[in-house]
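We did not get these values from a lab; they are worked out from the coordinates using the rules stated. What you are looking at is a predicted structure, and each value in this text was computed from that prediction instead of being measured. FYI the Cβ positions are ideal-geometry reconstructions off the backbone, even for glycines, and counts take in every protein chain you see.
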């Protein structure tokens with residue numbers, strides 16, 4: 001047994017010695033944490049209450065009993081560009097390279113519910129992802145890919161319900177039933193208003209579409225993750241790690257309250273909630289963040305919402321390594337940054353991961369850099385030994401103290417947002433946006449005054465060893481080809497069926513019925529995404545951007 | 001530089017505006033008068049805002065890859081509106097290979113990720129008319 005009196009005395013002696021020595025290094029004062037952690041930092045630590053076992057409440061040590069000793073996390077690469085055919089070829093390449101799930105990047109017109117020929121789409125078609133105008137594009141995107149075997153994550157929010165409808169329709173054509181489909185739609189619109197910007201409708205009707213997908217999926221596509229709550233984007237847009245947890249949790253609380261209000265039961269829909277977190281640069285802080293988030297979410301679901309089934313309390317998350325900290329200077333350095341970011345996510349117990357390619361601060365990843373990002377995950381999984389045992393950081397004085405601290409601070413933020421009237425009200429008041437912009441600016445100032453070091457940017461900036469980059473170029477012919485193809489599809493479809501499906505959809509939007517069956521009917525007629533979202537805009541209106549900074 | 005007016009603008013559909021907002025704050029702290037457009041603007045809307053607010057500088061931010069189409073379009077429209085002396089600069093995820101073309105099209109400087117905001121401030125001070 002540890003003698004705490006002896007530890008206290010020893011610590012006092014140590015600190016006195018260290019104080020003298022560190023006085024000589026004034027620049028080392030910047031550290032926010034202690035120089036050494038001891039049993040005193042987790043003195044009241046109750047193992048059974050705080051950690052328990054993997055796969056058991058409060059899930060601090062992981063959501064699965066076997067974690068990576070059973071199955072490794074799903075390895076993905078966020079990919080999509082140009083047309084469906086070109087992206088399909090990249091998917092087949094990645095699957096053959098050992099990737100275990102797809103992560104679909106869609107271009108901005110698709111994410112905003114516009115067709116490729118819309119005026120606002122000019123210059124953007126096929127740039128940051130694949131262009132999807134009609135069901136035909138979706139059929140080509142998944143051509144030759146077994147939807148009953150591969151899980152597909154789609155980064156789509158504003159029109160998430162429409163793209164899910166297309167996926168269901170593609171599955172049907174391939175003879176795959178909805179209940180066999182596995183995957184995720186991001187579907188987290190609230191964070192679009194504060195962080196990512198691909199909103200279409202105002203918050204309240206958007207919330208209704210989200211709850212419609214919850215209800216539809218829990219009945220018809222039970223293996224589908226109906227939402228991937230975006231902590232990632234909030235952090236990338238400037239939030240601190242604690243704010244990343246707190247703001248995303250507050251958004252999720254709003255969805256849950258919305259679904260409960262719509263008459264749904266927590267134990268039915270909450271198992272479909274999944275998450276996307278970032279993995280930033282501070283290794284231990286990130287590990288603690290994942291563990292704290294898992295514990296706090298389990299407690300919130302059980303205590304606040306009365307969840308009783310374990311899956312409704314589990315924080316299951318995908319990790320995407322942080323893109324905002326990658327640098328255009330000395331791009332190969334990014335491959336190393338990505339490696340320890342990925343390490344933090346594995347030590348933090350992620351269910352799925354996509355690593356950034358080292359050239360992402362410059363352009364779309366090349367095939368070589370995208371492959372290295374996948375190989376990074378494979379090497380960490382199979383060579384490093386870090387997957388041999390579950391939650392290996394447990395019991396570290398530092399990591400446990402940090403986990404406790406982040407859980408506490410995140411809860412304080414959540415309570416503050418509760419008092420403001422919840423996430424929707426806080427967003428409408430610009431609260432989260434302001435906090436994030438302030439933190440982002442402070443971080444940038446920190447880099448510029450040298451308080452934060454970025455190798456290759458404000459230290460060791462000799463760039464002579466830098467080679468030329470080979471990037472994927474999406475030229476303007478992509479837009480021309482895409483528009484031509486969509487026009488051909490539009491010319492040969494049954495126009496009467498399109499008009500009827502759109503009219504039915506409009507009626508459903510005006511009423512309170514679940515919109516999902518109407519969306520599925522509409523996409524099957526090859527109505528375009530722009531036509532479908534156009535009808536919904538007529539009913540729901542459009543959200544306008546804010547110019548605060 | 002209190003009399004220098006800067007329009008920080010986001011053309012196209014890209015919603016990533018962390019950088020635009022950080023730059024806007026830094027320019028304001030450097031003593032410029034700063035207006036931010038918010039996201040999702042057409043080049044026409046940006047040129048019109050530049051004219052209405054009578055700005056000296058237009059700072060464009062774009063991370064979606066549509067810069068080769070949209071940045072030159074803004075310059076063209078500013079010229080068409082008679083704003084020939086406006087300093088136009090750009091930033092975002094811009095491949096090195098695209099920078100010479102953008103400069104030839106009238107984007108006076110292009111700042112990529114990792115650029116200190118002080119560099120943007122200095123550039124404006126040295127080049128604004």
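Sorted fewest first by neighbouring Cβ atoms within 10 angstrom, A:506, B:73 come out as A:506, B:73. Per residue, the average separation of C-alpha pairs within less than 8 Å and at least 6 apart gives chain A a relative contact order of 18 percent. Can you tell me how region A:30-161 classifies by the Cα gyration tensor, rounded, prolate or oblate, using a/c under 1.5 as the rounded cut? Judged from the Cα gyration tensor, region A:30-161 comes out prolate (a/c at least 1.5, a/b above b/c). Round to a whole angstrom and tell me the spacing of the C-alpha centers of region B:33-64 and region A:288-346. Cα centres, region B:33-64 to region A:288-346: 36 Å.
Counts of other chain beta carbons within 10 angstrom of each beta carbon in peptide A:127-137 average 2.
Relative contact order for region A:139-290: 23 percent, from Cα pairs under 8 Å spaced at least 6 residues apart, divided by residue count. On the basis of the beta-carbon distance and an R0 of 30 Å, residue A:89 and residue A:489 show a calculated FRET efficiency of 0.90. Using the rule -39500 (n - 2.57) for each DSSP H run of four or more residues, divided by the residues of chain B, the 222 nm mean residue ellipticity is -12500 deg cm²/dmol.
Which of rounded, prolate or oblate describes region A:71-448 when judged by the alpha-carbon gyration tensor and an a/c cut-off of 1.5? In terms of gyration-tensor shape, rounded.
The packing ranking of peptides A:364-371, B:12-19, A:211-218, A:407-414, highest mean first, is B:12-19, A:211-218, A:364-371, A:407-414, where packing means the average number of other beta carbon atoms within 10 angstrom of each residue. Taking square-rooted eigenvalues a ≥ b ≥ c of the alpha carbon gyration tensor, is region A:267-308 rounded, prolate or oblate, where a/c under 1.5 means rounded and, failing that, a/b exceeding b/c means prolate? In terms of gyration-tensor shape, oblate.
The long axis of helix A:283-299 is offset from the longest Cα principal axis of chain A by roughly 70 degrees. As a proxy for reagent exposure, ranking A:283, A:181 by other Cβ atoms within 10 Å from fewest up yields A:283, A:181. Normalising the average separation of contacting C-alpha pairs (under 8 angstrom, six or more residues apart) by the number of residues puts the relative contact order of chain B at 27 percent. Spatially, region A:214-280 and region A:511-548 are offset by 21 Å when compared through their Cα centroids. Given only helices, namely DSSP H runs of n ≥ 4 each adding -39500 (n - 2.57), what is the per-residue ellipticity at 222 nm of chain A, to the nearest 500 deg cm²/dmol? Rounded to the nearest 500, it is -15000 deg cm²/dmol. Among the residues of A:324-332, the average count of other protein chain beta-carbon atoms within 10 Å of the residue beta-carbon is 3.
Take each residue in B:93-100, count the other chain C-beta atoms within 10 Å of its C-beta, and the mean is 5.
Note on region A:41-67 and region A:420-460: Cα centroid distance 32 Å, given to the nearest whole angstrom.
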